[in-house]
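Nothing in this text is a laboratory measurement; each read-out follows from the coordinates by a stated rule. The structure displayed is predicted, hence computed values, not measured ones. Cβ coordinates were reconstructed from backbone atoms using ideal geometry, including for glycine residues, and neighbour counts include every protein chain displayed.
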Amino acid sequence: MTEAFSPPKHRSTRHQAVALTRLMGLSLDENGVQGTLLQRAEQRVKRLHEQYQLNVEAVLHHAVEHSDNDVAGHEPDPDWLHQFLSLAEKVHSPRMQELWGKILATELSQPGSFSLRALDTLRQMTQKDALLLGRAVALSSMLNSEPNRKILLGYRRMPGYGGLLPAGQPSLSLSRFGLPYSAILTLREQGILFAAELETGLLTQGEPLRLRLLNQTLLLRPRHNRLRLRYYRFTPLGLELARLVLDQGDADYIAALSKMLSRDFELMAG
């Protein structure tokens, strides 16, 4: 098996640079002789293709692990599969290889689940970006029967009776739960979240709202007619990629959200 195409950890910068020269075929051979330019180029291409093969094999291994014995609906689109493999071979991180394996397993069972644009976005994502996506999904929820995922960050209380009842805008700091505003900006730039913070229409007093979090459902009943929920919304692209990291919700976020909402909503378990 060839060496992984990444600098070794816990070494000096010089050691890492030397290791890269070996991978690229630039180092001296055992006799202290450096090959010709053509030989060095051939060596570099050979090592790259060996690593690409290892990458694809790792992705396929994860795809098998995440597949079941259900009968596939039909074959995946050949152009999609070609594009997938050409991108997957350049995925070096084990964590990202697992995500790509999940994509292939899902696409084989449900062709059309992931667009080429989703593949291209995932190709540009780092491990850190994938972790941010995971945090965003962990904090997400859906209202009633809507399929769109949202990240609730607060609500707006409109003034009432000519201003006698004050306005307000209770909010949560999402950075407390691993999603600072810089992460929101990154997710927007990647097309995973819509660019603008959004609001619901005015909610009807007493009309129940079913808030479906990842592992819990809450019923909200507005105490009056002056409330709007505020949220970040996942784009269609974001919804595609969110399927890769659906896991457990964040209990601390749910507790903080419930405490905040209880000021103007009646809450009960759904």
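Listing for the model above:
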{"read-out": "Order by protection proxy (mean Cβ within 10 Å, highest first), peptides 167-173, 85-91", "value": "85-91, 167-173"}
{"read-out": "Relative contact order [Cα under 8 Å, 6+ residues apart], the range 164-232, whole percent", "value": "28 percent"}
{"read-out": "Semi-axis lengths (Å, descending) of the ellipsoid that matches the C-alpha gyration tensor of the range 83-176", "value": "40, 16, 10"}
{"read-out": "Against the rule of thumb 2.2 N^0.38 Å, how large the Cα Rg of the chain comes out", "value": "1.33"}
{"read-out": "Charge dipole (debye, nearest 20) of the chain; +1 at Cβ of Lys and Arg, -1 at Cβ of Asp and Glu", "value": "1460 debye"}
{"read-out": "For the chain, with +1 on Lys and Arg beta carbons and -1 on Asp and Glu, the positive-most of L99, T186, V59 along the dipole", "value": "T186"}
{"read-out": "Structure-based [θ]222 nm, the chain - -39500 (n - 2.57) summed over DSSP H runs of at least 4, per residue, nearest 500", "value": "-13500 deg cm²/dmol"}
{"read-out": "Sorted by Cβ neighbour density within 10 Å, fewest at the top, the residues V64, V18", "value": "V64, V18"}
{"read-out": "Relative contact order computed over the chain (Cα-Cα under 8 Å; 6+ residues apart), in percent", "value": "16 percent"}
{"read-out": "Kirkwood Rh, angstrom, the range 143-243 [1 / mean 1/r, Cα pairs]", "value": "15.0 Å"}
{"read-out": "Folded to 0 to 90 degrees: helix 13-23 orientation relative to the chain principal axis, Cα", "value": "60 degrees"}
{"read-out": "Test item: Cα-centred dipole of the range 128-269, Lys/Arg +1 and Asp/Glu -1 on Cβ, debye", "value": "300 debye"}
{"read-out": "Crossing angle, helix 251-261 versus the chain [Cα axis fit, 0-90 degrees, rounded to tens]", "value": "30 degrees"}
{"read-out": "Tilt relative to the chain, helix 127-138 - C-alpha long axis, 0 to 90 degrees, to 10", "value": "20 degrees"}
